[in-house]
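A short worksheet on the structure shown next.
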Amino acid sequence: MNVANSDHPSRDGVIDSLNNAPISFFHLRAAFTAGMGFFTDAYDLFIIGSALVYIKPEWHLDNTQIAFLGSISLVAAFAGALIFGRLADLIGRKRIYGLEALLMVIGGLACAFAPNFVWLLVFRVILGLGIGGDYPMSAVLMAEYANAKKRGALTSMVFGMQGLGLAFGPVIALVLEASGLPSDLIWRIMLGLGALPPLAVLYLRRTMPESPRYKVHVRGDADEAAQDLSTYSYGQVQPKAAGKSRPTRISLGQMLSNPKFLMLILGTGGAWFLNDYAFYGNAISTPEILKLLAPTSSQLTGSAWAFIVFAIFAIPGYLASIFFMDSVGHRRLQVIGFAAMALCFAAIGLLPGITHEVAPFLLLYGVSFFFIEFGPNCTTFVMPAEVFPTSIRTTGHGFAAGIGKFGAFVGTFVFPFISAAGGVRGAMLFSAGVSVVGVLLTIATLPEPSGKTLEEVSGEGIAESVEMFGLVYD
């Protein structure tokens, strides 16, 4: 059903213009501004794996302390996603956008000067709050700026910057490890560099316009939204709007008591939890996995292997997602990705001798990373920004991202223990089972948003949605 509703011509003019607007420089600027946050997210979350190699002997940390340092930012990201997601729905996207980046700057710089284990833990919490808040803000703003045809590609482009962050981490580790600098300085530089990318785009974030969809659907100001849209489309779009539109608001209580919304939270958050368990558990533990595979190899060799995996397999996976997500289908791509991950992890765990040979292991391990990025790592970021109505869109994305980051925490925290108990094969077989559950959950709970407008996917603007979702019109 088309979103157009004859009772709201002013609203429909803006929304139809948004859904059909051609890709402009503004869209690319918005993707870059949001994407630099995800470059930082990936770098900060994964560089800790390399930094811990130097921190552990310096501060004489035990395995439990190592597990907490590696995962505490993910726990904080859970809280950050929920807090920033809800605030952005209550007071607006523009008022919040940039504050989460400021937390990343403060947290990253503070980590570089941490005097001991406790303070580093505290600073990683600050960093994690900013990282968590970045997920709903950047995803939803990009999705709400985008047109219907290329929404998946544009939103995936934002998240695709994570791939560059993944590759940048091992490069920095390689350069610093080969530099001959003292180990105490190496890990501090590693952590401190994470403050630079969000600092570079802080001004851009604070000057981005409010989402026109938010102004129309939640604030009921179609005229102002039309003016904004005309300005940032550089005259390419001239929507016709007059007067005020009727705002639609859904309270948190209504959201959490509605079976449809609960099912969407389960589907988006559950799939993200399962993906992040496999992704973060494997990625952050990559140096340790490679150490188990080749105990005599140096730290420099391990960093080089990690870079090869990320550069050859992960980055092409992100690019493939950007180019093919909208044509394949967002939900379908998530199913394909989870299924391929399950096959790769199962092969590593079941094929004889593969965990004792570097080349075949790295090949299968790399292919699993390709399908993680091509599939659920991008789609679990994109879909929560599509399936919820505007007034609870960042809240819904915050729930999904928070649950996902909790999965990342579980994977990062328990993966070393599973590897220690069952070896690399045991850890991979467990990840294969997790991926199979991801396939089933996606099929059972999520719609296919590809090719549809945000209003069609969420049911927003359709008269029947008042009764279906219990919407309250102010």
Mind checking which aspartates and glutamates have their Cα closer than 20 Å to the Cα of Lys260? Skip sequence neighbours fewer than 8 apart in that chain.
Asp89, Glu386, Glu448, Glu455, Glu456, Glu460, Glu464, Glu467
What aspartates and glutamates could a cross-link reach from Lys405, if we take a straight Cα to Cα line under 15 Å and drop same-chain neighbours fewer than 8 places away?
Asp41, Asp44, Asp134, Asp276
Return the calculated 222 nm mean residue ellipticity for the chain, to the nearest 500 deg cm²/dmol, obtained by summing -39500 (n - 2.57) across DSSP H runs with n ≥ 4 and dividing by the residue count.
-25000 deg cm²/dmol
Charge dipole of the stretch 53-151 built from unit charges on the beta carbon (Lys, Arg +1; Asp, Glu -1), centred at mean Cα; most positive-end Cα among Ile126, Leu87, Pro57 is Leu87
Mean Cβ-within-10 Å packing, highest first, puts peptides 218-227, 20-29 in the order 218-227, 20-29
Calculated Rg and Dmax of the stretch 116-207 using C-alpha coordinates, Å
16.6, 52
Past the 18 Å Cα-Cα mark, which pairs from Lys150/Lys452; Lys94/Lys215; Lys149/Lys452?
none
Given R₀ = 56 Å, FRET efficiency for Glu58-Leu440 by Cβ-Cβ distance, to 0.05?
0.80
Helix 99-112 vs. the chain, principal-axis angle (Cα, 0 to 90°, nearest 10)
10
With angles folded into 0 to 90 degrees, how steeply does helix 393-445 sit against the dominant principal axis of the chain? Use alpha carbons for both and round to 10.
10
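Quick note: the coordinates plus some simple rules give every number you see, no bench work behind them. Quick caveat: nothing in here was measured; it's all calculated off a predicted structure. No Cβ is skipped: glycine too gets one built from the backbone with ideal geometry, and neighbour counts run over all protein chains shown.
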